[in-house]
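One structure is given below, encoded as structure tokens.
The values are calculated or read from the model by the stated rules, or taken from the named source; none is laboratory data. Quick caveat, the model's predicted, so the values are computed rather than measured. All Cβ positions, even for glycine, are placed from backbone atoms using ideal geometry, and neighbour counts span all protein chains on display. Remember, those area values only see protein heavy atoms, side chains included, never the ligands or the DNA or RNA. Shrake-Rupley method; radii C 1.70, N 1.55, O 1.52, S 1.80 Å.
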Protein chains: 2
Amino acid sequence: MNGVDGAGDRYVVGVDFGTLSGRALVVRVGDGAELGTAVHEYGDGVISSALPGGQVLPPDWALQNPEDYRDVLRHAVPAALSAAGVDPAAVVGIGIDFTACTVLPTDADGTPLCEVPELRDRPHAWVKLWKHHAAQPHADRINALAHERAEPWIGRYGGKISAEWQFAKGLQVLEEDPEVYHRAERFIEAADWIVWQLSGTETRNVCTAGYKGILQDGQYPSADFLTALNPGFGDFVTKLDGPLLPLGARAGTLTAQAAAWTGLPEGIAVAAGNVDAHVTAAAAQAVEPGRLVAIMGTSTCHVVNGAELAEVAGMCGVVDGGISPGAWGYEAGQSGVGDIFGWFVKHAAPAGIDSHEQLTELAASQPVGAHGLVALDWWSGNRSLLVNHDLSGMIVGMTLATRPQDIYRALLESTAFGTRMIIEAFVEAGVAVNDLVIAGGLTNNKLLMQIYADVTRRPLNIIASAQGPALGSAIHAAVAAGEFPSIHEASQAMGRVHEAVYRPDPDRARAYDALYAEYRALHDHFGRGGNDVMLRLRAIRNAAVESAVATPELALEPVA
Amino acid sequence: MNGVDGAGDRYVVGVDFGTLSGRALVVRVGDGAELGTAVHEYGDGVISSALPGGQVLPPDWALQNPEDYRDVLRHAVPAALSAAGVDPAAVVGIGIDFTACTVLPTDADGTPLCEVPELRDRPHAWVKLWKHHAAQPHADRINALAHERAEPWIGRYGGKISAEWQFAKGLQVLEEDPEVYHRAERFIEAADWIVWQLSGTETRNVCTAGYKGILQDGQYPSADFLTALNPGFGDFVTKLDGPLLPLGARAGTLTAQAAAWTGLPEGIAVAAGNVDAHVTAAAAQAVEPGRLVAIMGTSTCHVVNGAELAEVAGMCGVVDGGISPGAWGYEAGQSGVGDIFGWFVKHAAPAGIDSHEQLTELAASQPVGAHGLVALDWWSGNRSLLVNHDLSGMIVGMTLATRPQDIYRALLESTAFGTRMIIEAFVEAGVAVNDLVIAGGLTNNKLLMQIYADVTRRPLNIIASAQGPALGSAIHAAVAAGEFPSIHEASQAMGRVHEAVYRPDPDRARAYDALYAEYRALHDHFGRGGNDVMLRLRAIRNAAVESAVATPELALEPVA
């Protein structure tokens, strides 16, 4: 933690709600110094096999318990205050960010339906976590109908609505548990729900409403469209709609109850909700157009502001003010990055060199192209640009001389090529990408960072905070508290970035152009219909596994 | 070793000259019982970096010392006789098989030029081992000219002469060391040279002359063709030509000197030379048409007799009497099989499951297709059907759930698919393949064998000898000694095979048809011009490695 607490200083608290835990961070308003932080793990974590009451869940489900989110307020915030050693009375605001689309049904006062006793054993009454993937058939129908009717909003989402988002999840609730659907007076992002818990006021933020809720130009999809999906779905927007707030706005003030939970003063500003990736842009001083923020962890999320509206095939979405007011915020993503490297270390690296550190060191000692390999980074499917989670990984070029560090490096490079595909799609559509700011856990790998600079031919800036989302939320809290007139100014004062830490080397960049050309050809062949082998292998796999479950005595290979 | 030495029994000795050692086997004529064996390692092994005198060799060279071959006669044969406990006087013949094309220049009396003192420091005076690959440019020119002139013999070799064979190696000698070329009165396969050493008589066997020497219908390539390659090459055939013997023929009788080396009686029959793969057919009771022998080790060699002549695109060659007199002998091969599995265990299996036994056991417990993977088995290039050693390996279908045993199994399967490609090429050209006999070290892997039966939809027979080539050579010795009228009859009496040990399972075979269809599509895409990415990656790799050698200070990735 930086800085020294001084008399008269004011503070804000940022709370980052992640997939497995929530983190609170206490930040000084004047310079963004991070003074204290604490993490609280969710008691129920990700609920994917059975409800706490024992009800078994189908495959691809992922739920959460909203009480775990309140526990973060009760435990992590006081602990962070204590660690910071600041007087809570000097805290002027609180801001939060959340995973998204993480969404729950509530009644009119915000009570989650899973907390209504008679609904507690109903899976659809619980929070659907972002990675709940069981609504794919519903998303498929939404997409097919949107294209059939040429809905004006579909192009704003790269041509595809994700199964993770509000309308797919809502339609699944309606069709699989209509009683819960009808009981749900509100259907709300967890980001907005926790703000409601803090402030007692229901609001909706433009970020989740736009990226996850298909709100474009002030309109949700029409009742006509929704009724065509399912006659009972025409009222869905009435469950979503609410006072819409721009990012950095004050949603309300801290209630007495929330003050008791957190140890913060009643009445301080509560900022509008936000998304973990998007809020990081403020922490990284990257809210001006042309500076793309890549939050690189197990997966990567890319956000960049643009001055103009453009439709970019395969991106996740574009939202007016979705990253900061006054600009069009673009989002794209790679669904597998660090988790591919982790898979390799765990499942494919031999004894003695089975750590990221060893593999990276060995991989660094070779010129570009010397391993003779190219990989497609689709171990976890492809979010952008292909939007297909049935795609899978591929490596080409192995010989008997291929070493583990060669494959490891090819995997690092493959994710850089995936990022370049996204950048080029933006640029081709007219969205400038001049440089990159990298945030997230993977910034520690210097070889990886240099590869990204060389492959993308762009300077890499590195966020100077280890808690980008929580810092971003604190910056939004400062704006909501009136400490700064805008996110831009708050970001300048409180955000932190190391500029141009990695610059592209012309020789290596040239060498990578040749490998990238191979990546691109393979990308299009396997991802755009040249050979749908990956989709067929997935279907064969699923059928084989299902038949093995059905008749386990036939599954084993009876060898002589 | 089987059987009991009885009074009046007669014996033969088979000697198998491999890449690193030679093995002698003493066999009873009546029933093929293997009574004693011994191995002698070559003192100089494979000479690939420098001559024993210190002269450095260029990349891709592989030489041997002919004195090492004589040492096998001096050490392994007496040791095998001793182990067998038979009276040497009861031995009636000796036969040998050799790696091929392994070839050397000699003077008129058979003295290797590397044993001529003033030539001992000249690399081209030494034996060129089969895997000497430095004559690829010469092979390329031979192939280009053969197609340009529509030479009638080129179709007998699947359309391509290998860089490993006599004409490519001979042309390299001429062009790189003309003095050695002109001093070489004979240019002879090691198989025929060791027979010359044993019998004092120079002969040529139809097997190496046909498969490695482009002898077809009694004719070598014309002087006109050779002169067009290089004006000095027109006389090459005069160095190759010699008394041509069918397999099983008596090349001569054992000289006094060879009797002294081996401890065998002077004057016993010495059989015509043979090749390790082809001679195994006799040991496997697989000389009738339609029964394909696959000798599966680090690589696989396939030999099968056919009643008719057919040209099979991508095979290694077809030779009249090349496996046994009276049939057309076909040869094909896979350049990487067991060595791919070995690569995986060494370089890609994590601690705890890094043995063939563990991986096989884990891989067996899954239904066909459950791993969701397909691989191309080209880690060591592709010998048949694509005849391109710049091709490389590929795997498609990986997810975060992919386990090491999944990839291991996909690699096993990929080599089975490669074998099926070869079988189908034979069948489509009219060469029947009714069942398979498997020989070699990989017969121990029951899962692998069952996969081959299921993938090829053919019963698998397994050779019942662990020393297939040496047993095959002993059978040829028995024929040369007049103990049997033909190889067929000797093979019936002395060869051994377990019939139909593995039979295809209809359900698994059907499931494999779907995966094989994917393999075939990928095979053609990457191997037949759909996307030459493998060839470009190889070129990029070679250029990167060369530049790193030239300027090592630039090779390292300078990470920040």
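Is segment A:68-83 home to any residue that is under 30 Å from A:GLU176 (Cα atoms), β-branched (Val, Ile, Thr) and either without any contact (Cβ under 8 Å) to a residue 40 or more places away in the chain or not in a loop (DSSP other than H, G, I, E, B) (or both)? No. Under the condition of being at negative phi and touching a strand residue (DSSP E or B) at 6+ places or on another chain (Cβ under 7 Å), the residues counted in segment A:394-422 number 14. Taken as a whole, the structure leaves B:GLY441 outside the set of residues that are more than 27 Å from B:GLY155 (Cβ to Cβ), surrounded by 23 or more Cβ atoms within 10 Å (Cβ to Cβ) and more than 14 Å from every other protein chain (Cβ to nearest Cβ). Exactly one residue out of B:TYR512, B:TYR502 is surrounded by 23 or more Cβ atoms within 10 Å (Cβ to Cβ), at the interface with chain A (Cβ under 8 Å from one of its Cβ atoms) and modelled with pLDDT of 95 or more: that is B:TYR502. Checked against (1) at pLDDT 95 or above; (2) small (Gly, Ala, Ser); (3) open to solvent by 50 Å² or more (accessible area, probe 1.4 Å), A:ALA543 passes all but a single condition, namely (1). Against the conditions (1) touching an Asp or Glu at 6+ places or on another chain (Cβ under 7 Å); (2) open to solvent by less than 50 Å² (accessible area, probe 1.4 Å), B:GLY95 satisfies every one except (1). Exactly one residue among B:ALA310, B:ALA286, B:ALA332, B:ALA277 is surrounded by fewer than 21 Cβ atoms within 10 Å (Cβ to Cβ), at pLDDT 95 or above and either β-branched (Val, Ile, Thr) or under 23 Å from B:GLY418 (Cα atoms) (or both), and that residue is B:ALA310. Of all residues in segment A:407-427, exactly one satisfies the criterion of being within 22 Å of B:GLY527 (Cβ to Cβ) and either without any contact (Cβ under 8 Å) to a residue 24 or more places away in the chain or more than 9 Å from chain B (Cβ to nearest Cβ) (or both), namely A:ALA410. Does segment B:372-381 contain at least one residue that is aromatic (Phe, Trp, Tyr) and more than 9 Å from every other protein chain (Cβ to nearest Cβ)? No, that holds for no residue. Checking each residue in segment B:347-364 for being in a loop (DSSP other than H, G, I, E, B), of a type outside the set (D, E, K, R), on the phi < 0 side of the Ramachandran plot and without any contact (Cβ under 8 Å) to a residue 40 or more places away in the chain picks out B:ALA351, B:SER355. Scanning segment B:383-401 for residues that are more than 7 Å from every other protein chain (Cβ to nearest Cβ) and more than 25 Å from B:MET421 (Cβ to Cβ) yields one hit, B:ALA401. Note on segment A:53-66: residues that are assigned to a helix (DSSP H, G or I) and either modelled with pLDDT under 95 or open to solvent by 60 Å² or more (accessible area, probe 1.4 Å) (or both) total 0.
Looking across segment B:200-228, the residues that are open to solvent by 30 Å² or more (accessible area, probe 1.4 Å) and of a type in the set (A, V, I, L, M, F, W, C) come down to B:ALA223, B:ALA228.
A:MET315 versus (1) within 9 Å of another protein chain (Cβ to nearest Cβ); (2) of a type in the set (A, V, I, L, M, F, W, C); (3) under 26 Å from the mean Cα position of the chain (by Cα): which is the lone unmet condition? Evaluating A:MET315 over (1) within 9 Å of another protein chain (Cβ to nearest Cβ); (2) of a type in the set (A, V, I, L, M, F, W, C); (3) under 26 Å from the mean Cα position of the chain (by Cα) leaves (1) as the failure.
Taking segment A:403-438, which residues are part of a loop (DSSP other than H, G, I, E, B) and open to solvent by 10 Å² or more (accessible area, probe 1.4 Å)? Walk me through how you get there before you give the answer.
Narrowing segment A:403-438 to residues part of a loop (DSSP other than H, G, I, E, B): A:403, A:429-434.
Across segment A:403-438, the qualifying residues are A:ARG403, A:ALA429, A:GLY430, A:ALA432, A:ASN434.
The residues on offer are A:GLY530, A:GLY482, A:GLY468, A:GLY495, and the sole one that is within 11 Å of chain B (Cβ to nearest Cβ) and either over 27 Å from the mean Cα position of the chain (by Cα) or not hydroxyl-bearing (Ser, Thr, Tyr) (or both) is A:GLY530. When A:VAL12, A:VAL26, A:VAL39, A:VAL46 are screened for being in contact with a Lys or Arg (Cβ under 8 Å, 6 or more places away or on another chain), among the aliphatic types (A, V, I, L, M) and farther than 22 Å from A:LYS169 by Cβ, only A:VAL39 passes.
Please verify whether B:SER82 is at pLDDT below 95 and open to solvent by 40 Å² or more (accessible area, probe 1.4 Å), treating the condition exactly as stated.
Details: at pLDDT below 95: no; open to solvent by 40 Å² or more (accessible area, probe 1.4 Å): yes.
No; evaluated as a whole, the condition is false for this residue.
Restricting to segment A:365-406, what's the tally of residues that are free of Cβ contacts under 8 Å to residues at least 40 places away in the same chain, over 24 Å from A:ARG538 (Cβ atoms) and of a type in the set (A, V, I, L, M)? The number of residues fulfilling the criteria is 3.
Taking the conditions exactly as written (farther than 16 Å from B:THR300 by Cβ and buried (at least 24 other Cβ atoms within 10 Å of the Cβ)), does B:SER392 satisfy them or not? Taking the combined requirement at face value, the residue satisfies it. Take B:ASP109 and tell me if it is touching a His at 6+ places or on another chain (Cβ under 9 Å), surrounded by fewer than 24 Cβ atoms within 10 Å (Cβ to Cβ) and under 19 Å from B:LEU240 (Cβ atoms). Answer is no for this residue.
When the criteria are applied in full, A:PRO231 fails the requirement of being under 23 Å from the mean Cα position of the chain (by Cα) and surrounded by fewer than 19 Cβ atoms within 10 Å (Cβ to Cβ).
With respect to B:SER491, determine if the residue is hydroxyl-bearing (Ser, Thr, Tyr) and open to solvent by less than 10 Å² (accessible area, probe 1.4 Å). When the stated conditions are applied, B:SER491 passes them. The criterion of at least 3 residues that are over 29 Å from B:MET494 (Cα atoms) is met by none of the strands (runs of 3 or more DSSP E) wholly inside segment B:203-320.
Anything in segment A:351-370 that is open to solvent by 10 Å² or more (accessible area, probe 1.4 Å) and facing chain B (nearest Cβ under 7 Å)? List them, or say none.
Step one: list which residues in segment A:351-370 are open to solvent by 10 Å² or more (accessible area, probe 1.4 Å), which gives A:351-358, A:360-362, A:364-365, A:367-368, A:370.
Once the filter is applied, which keeps residues that are open to solvent by 10 Å² or more (accessible area, probe 1.4 Å) and facing chain B (nearest Cβ under 7 Å), segment A:351-370 yields A:ALA351, A:ASP354, A:ALA364, A:SER365, A:PRO367, A:VAL368, A:ALA370.
Can you spot a residue in segment B:144-166 that is open to solvent by 10 Å² or more (accessible area, probe 1.4 Å), under 26 Å from B:VAL304 (Cβ atoms), free of Cβ contacts under 8 Å to residues at least 60 places away in the same chain and among the hydroxyl-bearing types (Ser, Thr, Tyr)? No, there is no match, as no residue in segment B:144-166 is open to solvent by 10 Å² or more (accessible area, probe 1.4 Å), under 26 Å from B:VAL304 (Cβ atoms), free of Cβ contacts under 8 Å to residues at least 60 places away in the same chain and among the hydroxyl-bearing types (Ser, Thr, Tyr).
Among the residues of segment A:180-199, the ones that are open to solvent by 50 Å² or more (accessible area, probe 1.4 Å) and touching a residue at least 24 places away in the same chain (Cβ under 8 Å) come to 2 in all. Tell me whether segment B:494-509 contains one or more residues that are of a type in the set (Ser, Thr, Tyr) and under 22 Å from B:PRO459 (Cα atoms). Scanning segment B:494-509 turns up at least one residue that is of a type in the set (Ser, Thr, Tyr) and under 22 Å from B:PRO459 (Cα atoms).
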